[in-house]
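Peer 1: This is the structure, below, for whatever I ask next.
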Amino acid sequence: MWLHCGVKFNASVHAGEQLRGNRLSELRLMAVHAHPDDESSKGAATMARYVDEGVRVLVVTLTGGERGDILNPAMDLPEVHGRMSEIRRDEMARAAQILGVEHHWLGFVDSGLPEGDPLPPLPEGCLALEPLERPVEALVRVVRDFKPHVMTTYDENGGYPHPDHIRCHQVSVAAYEAAADYRLYPEAGEPWSTHKLYYNHGFLRQRMQVLQDEFAKHGQEGPFAKWLEKWDAGEDLLAKRVTTRIECAKYFPQRDEALLAHATQIDPNSFFFTTPMDWQQRLWPTEEFELARSRVPVSLPETDLFVGIEDLT
């Protein structure tokens, strides 16, 4: 099928797989994220797999994560609070090195996660308050320069309702469309039509249930009980939106190492790391995506982000 502007046509599923074997070095993947550490918690093993297979992968981070809370007690130190921007840049560089990806800062300011009732106003100058065309033009420049064949980002809910995640969705979708249009942002480089746009869908109830059941089989409590109690099984995105599963279990340890590189944000004693690695690799060896836009024919479901891409430049 063809997914673009609501039009669908049948086509072959094998073209992208054959192409990767013949012209691997020409493939390029761009992952667009809101903050440093998002790239390591959403689709990281998929990126590591493609890097290992010879694909060029670029992570674009919209903000510096300046307003992120320190979530690791070991890093909750005065000298860290005073150097948050610098430290988060260092963490991102280390994570990118671990994953083997290229990296680009888009240069906007973290909006923070507003809390309270009523919610406080967002801080002046933050990404979520920027006119949409500013970050869109900035991302269009990167798209036209890197020329990705595939882009990944968040869905309209942002994965969770952080204002920067929602903005990241808006910016990514608009840039995907605008980069191909010679009439838009003519000073931002020659037009480039990215073939496919995906949304990350890593936060799935069914995955949590499978892992929680494995803990129960071993007489253990498991870390997901409270999440599952509050989450209606009928609301699991897996049955409704996931189109594409990428097998990448081999790269789960690399994913976790990259995540731990974000030491201000990730507590190594948190529930993220309580499930044994061999259980994860055996019971849920994939990462999930939703094909949101395509300019090439595809057939769903998919097991490769590059399926259907035949005409590369």
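The values are calculated or read from the model by the stated rules, or taken from the named source; none is laboratory data. Computed from a prediction, not measured in an experiment: that's the story for all the values here. Because the Cβ atoms are built from the backbone with ideal geometry, glycine has one as well, and the counts that use them run over all protein chains shown.
Peer 1: Could you list, in sequence order, the residues of the stretch 83-111 that are in contact (Cβ under 8 Å) with a residue 24 or more places away in the chain and assigned to a loop (DSSP other than H, G, I, E, B)?
Peer 2: Listed by number, the residues that qualify are GLY100, VAL101, VAL109, ASP110, SER111.
Peer 1: Please go through the stretch 285-302 and give me each residue that is among the hydrophobic types (A, V, I, L, M, F, W, C) and within 18 Å of the chain's Cα centre (by Cα), ordered by number.
Peer 2: If we filter the stretch 285-302 for residues that are among the hydrophobic types (A, V, I, L, M, F, W, C), which is where we start, we get 289, 291-292, 296, 298, 300.
Result: PHE289, LEU291, ALA292.
Peer 1: Among the residues of the stretch 204-233, which ones are of a type outside the set (A, V, I, L, M), in contact (Cβ under 8 Å) with a residue 12 or more places away in the chain and either loosely packed, with under 12 Cβ neighbours inside 10 Å or closer than 28 Å to HIS169 by Cα (or both)?
Peer 2: ARG205, GLN206, ARG207, GLN209, PHE224, TRP227, TRP231, listed by residue number.
Peer 1: A further question on this structure: Of these, PRO121, PRO131, PRO135, which one is assigned to a loop (DSSP other than H, G, I, E, B) and within 30 Å of GLU187 (Cα to Cα)?
Peer 2: Unique residue meeting the criteria: PRO131.
Peer 1: Here's another thing I want to ask about it. Given LEU19, LEU3, which one is at pLDDT below 95, in contact with an Asp or Glu (Cβ under 9 Å, 6 or more places away or on another chain) and surrounded by 20 or more Cβ atoms within 10 Å (Cβ to Cβ)? Step through it out loud before you land on a result.
Peer 2: Values: LEU3 fails: in contact with an Asp or Glu (Cβ under 9 Å, 6 or more places away or on another chain).
Every option except LEU19 fails the conditions.
Peer 1: I've got another one for you. Looking at HIS195, HIS262, HIS201 in this structure, which one is surrounded by 18 or more Cβ atoms within 10 Å (Cβ to Cβ) and in contact with a His (Cβ under 9 Å, 6 or more places away or on another chain)?
Peer 2: Numbers: HIS262 fails: in contact with a His (Cβ under 9 Å, 6 or more places away or on another chain); HIS201 fails: in contact with a His (Cβ under 9 Å, 6 or more places away or on another chain).
Just one listed residue meets the conditions, HIS195.
Peer 1: Which is under 18 Å from THR264 (Cα atoms), over 17 Å from the mean Cα position of the chain (by Cα) and either polar (S, T, N, Q) or surrounded by fewer than 12 Cβ atoms within 10 Å (Cβ to Cβ) (or both), of PRO118, PRO131, PRO73?
Peer 2: PRO73
Peer 1: Tally the residues that are touching a residue at least 60 places away in the same chain (Cβ under 8 Å) and over 21 Å from ALA44 (Cβ atoms), restricting the search to the stretch 70-82.
Peer 2: So the count comes out to 4.
Peer 1: Same structure again: If you scan the stretch 234-255, which residues turn out to be within 23 Å of ARG293 (Cβ to Cβ), buried (at least 20 other Cβ atoms within 10 Å of the Cβ) and among the polar types (S, T, N, Q)?
Peer 2: The answer is THR244, and nothing else.
Peer 1: May I ask you to say which residue of TRP284, TRP279 is buried (at least 17 other Cβ atoms within 10 Å of the Cβ), aromatic (Phe, Trp, Tyr) and out of contact with any strand residue (DSSP E or B) (no Cβ under 9 Å at 6 or more places or on another chain)? Write out each step before concluding.
Peer 2: Numbers: TRP279 fails: buried (at least 17 other Cβ atoms within 10 Å of the Cβ).
The unique qualifying residue is TRP284.
Peer 1: Could you list, in sequence order, all residues of the stretch 239-257 that are in contact (Cβ under 8 Å) with a residue 60 or more places away in the chain, hydrophobic (A, V, I, L, M, F, W, C) and more than 14 Å from TYR50 (Cβ to Cβ)?
Peer 2: Of everything in the stretch 239-257, those that are in contact (Cβ under 8 Å) with a residue 60 or more places away in the chain, hydrophobic (A, V, I, L, M, F, W, C) and more than 14 Å from TYR50 (Cβ to Cβ) turn out to be ALA249, PHE252.
Peer 1: Could you tell me whether the stretch 187-202 includes any residue that is out of contact with any Ser or Thr (no Cβ under 8 Å at 6 or more places or on another chain), in contact (Cβ under 8 Å) with a residue 12 or more places away in the chain, in a loop (DSSP other than H, G, I, E, B) and at positive phi?
Peer 2: yes
Peer 1: Something else about it: Quick check on my filter: what residues within the stretch 138-172 are within 17 Å of SER193 (Cβ to Cβ), assigned to a helix (DSSP H, G or I) and of a type outside the set (Phe, Trp, Tyr)?
Peer 2: LEU139, VAL140, ARG141, VAL142, VAL143, ARG144, ASP145, SER172
Peer 1: Let me ask something additional. Out of everything in the stretch 167-192 that is surrounded by 18 or more Cβ atoms within 10 Å (Cβ to Cβ) and in contact with a Phe, Trp or Tyr (Cβ under 8 Å, 6 or more places away or on another chain), what residue ends up being nearest to ASP232 (Cα to Cα)?
Peer 2: Looking at residues that are surrounded by 18 or more Cβ atoms within 10 Å (Cβ to Cβ) and in contact with a Phe, Trp or Tyr (Cβ under 8 Å, 6 or more places away or on another chain), I get HIS169.
Peer 1: Next up: So which pairs qualify, if the first residue must be in the stretch 39-68 and closer than 29 Å to HIS81 by Cα, the second must be assigned to a strand (DSSP E or B) and of a type in the set (S, T, N, Q), the Cβ gap must be under 9 Å, and the two must be at least 6 apart or on different chains?
Peer 2: So the pair list comes out as GLU39/THR61; LYS42/THR152; LYS42/ASN200; GLY43/THR152; GLY43/ASN200.
Peer 1: So, GLU115, is that one in a loop (DSSP other than H, G, I, E, B) and out of contact with any helix residue (DSSP H, G or I) (no Cβ under 9 Å at 6 or more places or on another chain) or not?
Peer 2: Details: in a loop (DSSP other than H, G, I, E, B): yes; out of contact with any helix residue (DSSP H, G or I) (no Cβ under 9 Å at 6 or more places or on another chain): yes.
Taking the combined requirement at face value, the residue satisfies it.
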